[in-house]
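Written out below as C-alpha cells is the structure these notes cover.
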Amino acid sequence: MWQALRPSPGNLRIWQAGLLLAIVGLWHVLTVPGMVPPLIFENDQQAAFFFGEPVKVAQRISRWFVQDGDIYGHLGITLLETGLAFVIGSASGLAVGLWLALKPMASALLEPYIKAMNSMPRIILAPIFSVWFGLGVGSKVALGVTLVFFIVFFNVYQGVKEVSPVILANARMLGASPRQLLRHVYLPSATSWVFSSLHTSVGLAFVGAVVGEYLGSASGVGYLIHQAEGVFDINTVMAGIVVLTAFALVLDASVGKIERHLMTWQPPGGASDKL
Amino acid sequence: MSVSANTPALSLQAASVSFAAPGQPGGRYTAVADVSLTVGAGEFVSVVGPTGCGKSTLLNLAAGLLAPSSGTVSVFGQPLVGINRRAGYMFQADSLMPWRTALGNVMAGLEFHGTAPAQAREQADDWLRRVGLGAFGDRYPHQMSGGMRKRASLAQTLVLDPDIILMDEPFSALDIQTRQLMENEVLTLWSEKKKAVLFITHDLDEAIAMSDRVVVMSAGPASRPIGEFSIDLDRPRDVAEVRTTPRFIALHKAIWAVLRDEVLKGYTQQLQKA
C-alpha cells in the first residue's frame, strides 16, 4: 500500500498539493477561535489576531477579485511598476555590462564605484526616490531598476569576459567586423548569463515595486498591505502576501518559458548558473 | 604541382614573437625566434615539433591574430597587416559558435562577408553535404560528436574558399579511425582545389602522410625550424596505406632522427618546470 503511495516522480504533484493542504489545514485548526484550546496565547482570539485565519484570507481574496473587484487597479499598478523596472533595469544592465566589458579602461576606472553601489543596501534609496520622483509609479520603478540593474549588469559583464577566446578568434578569422562580433558573438554569449539572472531580477523588480509602495504611495498591492497593517487587519495582510506570491510565480514561469524558447542551443542541465 | 609558384602564398621572414612574462629571465618569453618559412601556392606544408615549441604561435602569426615582435609576414607578396583575409583557420579547440546550428555556423563567414542569406544557405548546405553532415544542418554543436564538430569546422573554414588554409592540430582530439577518415577527406578536398596549407601537428605520421614538405621545429623557448624534408610520396595517397610503404618508413626514420632530440629536450624542460 505504502509502496504505491510514497512520493515518486509520478505522484509528485499530488504530494505537493497535499503538503499545501496540510499546511493550510494546520493553520486553520490552530487559529480559528475555539477549535483547539489556546496553547501559547492567553485566550483563543489571539492566535487569529496574530496569524489570521485561512478562511477569512480566502474570503478577502475572493472579495478583491470577485465581489468587490477592487484589486485590479492596485494589481495593475504593481505589475506595471514591476514590468517597467524589469525591462529598464535589464536593458540598461545589458547595455552597460556589454560596454564596460569591452572597454577595459573604463571598467578599471569605474570598478570601485560599481562595487560600492552594489554592496550598498539599495532598498535604503527608496525615501530618496520618493522625494525625487514623487509618490507615484516613478519612485517604485526607480527602486526596482536599481535592484535589477546590478544583477543583470554583473552577469553580462562576466558573460562577455568569459567568451571563449577560440570562438572569438574564429569569428574574426571568418571576417567578422567589431560590430558583427558584438552582435553574433558577445551578445549571444552574454544572453545565457542574462537569462540565468532574469529569474532573480524579476523577483527583485517585484520586491522594488512592493517595498516602494509599502513605504509611501496611494495605490498598489503594497499600499493595500500597508493600509491593512495600520488597522491590524492581519487577514488582509496575509491575503496581499498570497496574491503577491502567486503573481511572482507567474512572472517567474513566463521568464522560464521565454528562456526555454530562446536558449534551445544550450545543452540541457544549464551549464551557466552563476550569480 | 603549384598553381603559380612565383610568389609564395605565405612567407615568414626572420619572424620572432616574444611576450611580456614576469618571472622569466629578462621579463620576456620568446616563443619563436628568427623563423623563416614559406608556403607556396597550392603547397601542403606541415610543421612538427615537441610540445610547447610555439607551433600555434606560428599559425597565429600567419593568421594575423598575432603580430611578429620582429621580422615580417607576407601574404602573396603583400606585408600582412591585421587579420589575414585570404586565410581560413581551423582551430585545435572547439571553435563553433554554440548558439548556432551546424548550418548557421557554416553560414557565419558568408554572412559576415555580406553574402545574401539565400545564397549563403545554399553554399553552406552544399559544404555540409561535402563533409558528410548533409542531414545534420539543424543540430547544435552540443548535439554533435567531436568528429561531427570537426567536420562542421572544416566546412565553416572551406566555404569561404580561402587561398591559404591554416590548421592547428585539427584532428588531435579525434579517435584514430575518425582521424584517418578526416585526413583522407582533407586530402581529397585539397587536391580538388590545391590551396596552400600550413598544417600544424605533433604527429609525425600524420605530417608525412599528408604533406609535400615537413618542417621540424626545435624545442622552445625561442624555437625555430631546424630541418626541412621534402615528401616525395606519390599522390593521391591514402593516409593509412601510405604508412606501410618503404619510402614512408625511410622518411619517418630520417625526420625522427632530427625530431627525437628536440622531443627529449622539450620533455626535460617540462619536467623541470613542473
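The values are calculated or read from the model by the stated rules, or taken from the named source; none is laboratory data. A quick note: this is a predicted structure, and the numbers were derived from the prediction, not measured. With ideal geometry, Cβ positions are generated from the backbone for all residues, glycine too; neighbour counts draw on all protein chains shown.
Checked against (1) more than 18 Å from the chain's Cα centre (by Cα); (2) within 26 Å of B:Arg235 (Cα to Cα), B:Val47 passes all but condition (1).
Just one of the listed residues (B:Phe112, B:Phe76) is free of Cβ contacts under 8 Å to residues at least 40 places away in the same chain and not aliphatic (A, V, I, L, M), and it is B:Phe112. Within the range B:231-259, the residues that satisfy the criterion of being within 22 Å of the chain's Cα centre (by Cα) and in a helix (DSSP H, G or I) are B:Val242, B:Arg243, B:Phe248, B:Leu251, B:His252, B:Ile255, B:Trp256, B:Val258, B:Leu259. Of the residues screened, B:Ala31 is not one that is more than 20 Å from B:Thr201 (Cα to Cα), among the small types (Gly, Ala, Ser) and more than 10 Å from chain A (Cβ to nearest Cβ). Of all the listed residues (B:Gly114, B:Gly104, B:Gly88), the sole one being within 10 Å of chain A (Cβ to nearest Cβ), crowded, with 18+ Cβ neighbours inside 10 Å, small (Gly, Ala, Ser) and over 21 Å from the mean Cα position of the chain (by Cα) is B:Gly104.
With respect to the stated conditions, A:Gly144 fails to be surrounded by 17 or more Cβ atoms within 10 Å (Cβ to Cβ), touching a residue at least 24 places away in the same chain (Cβ under 8 Å) and more than 20 Å from the chain's Cα centre (by Cα). Each residue in the range B:260-274 was checked for being of a type in the set (A, V, I, L, M, F, W, C) and either surrounded by 14 or more Cβ atoms within 10 Å (Cβ to Cβ) or part of a strand (DSSP E or B) (or both), and 1 pass.
Would you call A:Ser177 of a type outside the set (Asp, Glu), in contact with a helix residue (DSSP H, G or I) (Cβ under 9 Å, 6 or more places away or on another chain) and modelled with pLDDT under 90? Explain how you work it out, then say what you get.
Working: of a type outside the set (Asp, Glu): yes; in contact with a helix residue (DSSP H, G or I) (Cβ under 9 Å, 6 or more places away or on another chain): yes; modelled with pLDDT under 90: no.
No; evaluated as a whole, the condition is false for this residue.
Sub-9 Å Cβ pairs linking a first residue in the range A:101-122 that is in contact (Cβ under 8 Å) with a residue 24 or more places away in the chain to a second residue that is loosely packed, with under 12 Cβ neighbours inside 10 Å, at least 6 apart or interchain, are A:Leu102/A:Pro178, ordered by first then second residue. Pairs linking a residue in the range A:180-196 that is at the interface with another protein chain (Cβ under 8 Å from one of its Cβ atoms) and over 14 Å from A:Ala101 (Cβ atoms) to a residue that is assigned to a helix (DSSP H, G or I) and modelled with pLDDT of 90 or more, with Cβ atoms under 6 Å and 6 or more positions apart or on different chains, are A:Gln180/B:Phe112. Given the conditions (1) of a type outside the set (Gly, Ala, Ser); (2) more than 29 Å from B:Ser11 (Cα to Cα); (3) touching a helix residue (DSSP H, G or I) at 6+ places or on another chain (Cβ under 8 Å); (4) assigned to a helix (DSSP H, G or I), which single one is not true for B:Arg139? Unmet condition: (4).
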